[in-house]
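Shown next, in structure tokens, is the structure this report addresses.
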């Protein structure tokens, strides 16, 4: 495992940890997602990046593509839900509560980690494209 792969793994685990803390803040503040949102959150934000880890060792191109799509979609979803569209999930209107600071901080940190995930995935993808996958030797 090279340095970039270790960064890939670190970003995924850091993202998962922050997602879990953010979910706890959501629960404590009683900001619960609708069913379609919950499905997206579980499948795209939580499961897909971890699935990319399982694929990384065997197919770097697929793993980096999956991570880039999952983190990009997560970033777009989080930006619109937490910072752009007015609603119960927006950080500007979160109530004054002990959990509010944690909610706002984790929302911002998720954006940073998701952007980092997209960038790391792009570098891994680029490296996978440059690395030949077949046997080395003269071509026929």
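So the values come out like this:
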| read-out | value |
| --- | --- |
| In region 97-113, residue surrounded by the most Cβ atoms within 10 Å (Cβ to Cβ) [restricted to those that are under 13 Å from the mean Cα position of the chain (by Cα) and farther than 12 Å from residue 23 by Cα] | 113 |
| Condition check for residue 73: within 20 Å of residue 117 (Cα to Cα) and either without any contact (Cβ under 8 Å) to a residue 24 or more places away in the chain or in contact with a strand residue (DSSP E or B) (Cβ under 8 Å, 6 or more places away or on another chain) (or both) | no |
| Elements of type helices (runs of 4 or more DSSP H) in region 1-81, at least 2 residues being modelled with pLDDT of 95 or more and surrounded by 19 or more Cβ atoms within 10 Å (Cβ to Cβ) | 3-28, 48-56, 60-79 |
| Residue check, residue 58 under 30 Å from residue 129 (Cα atoms), more than 14 Å from the chain's Cα centre (by Cα) and without any contact (Cβ under 8 Å) to a residue 12 or more places away in the chain | yes |
| Filter result for residue 84 (surrounded by fewer than 12 Cβ atoms within 10 Å (Cβ to Cβ) and out of contact with any helix residue (DSSP H, G or I) (no Cβ under 6 Å at 6 or more places or on another chain)) | yes |
| Which listed residue, of 130, 126, is modelled with pLDDT of 90 or more and more than 12 Å from the chain's Cα centre (by Cα) | 126 |
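The values are calculated or read from the model by the stated rules, or taken from the named source; none is laboratory data. On a predicted model such as this, the values are computed, not experimentally measured, just so you know. Please note: Cβ atoms are built from the backbone with ideal geometry, for glycine as well, and neighbour counts cover all protein chains shown.
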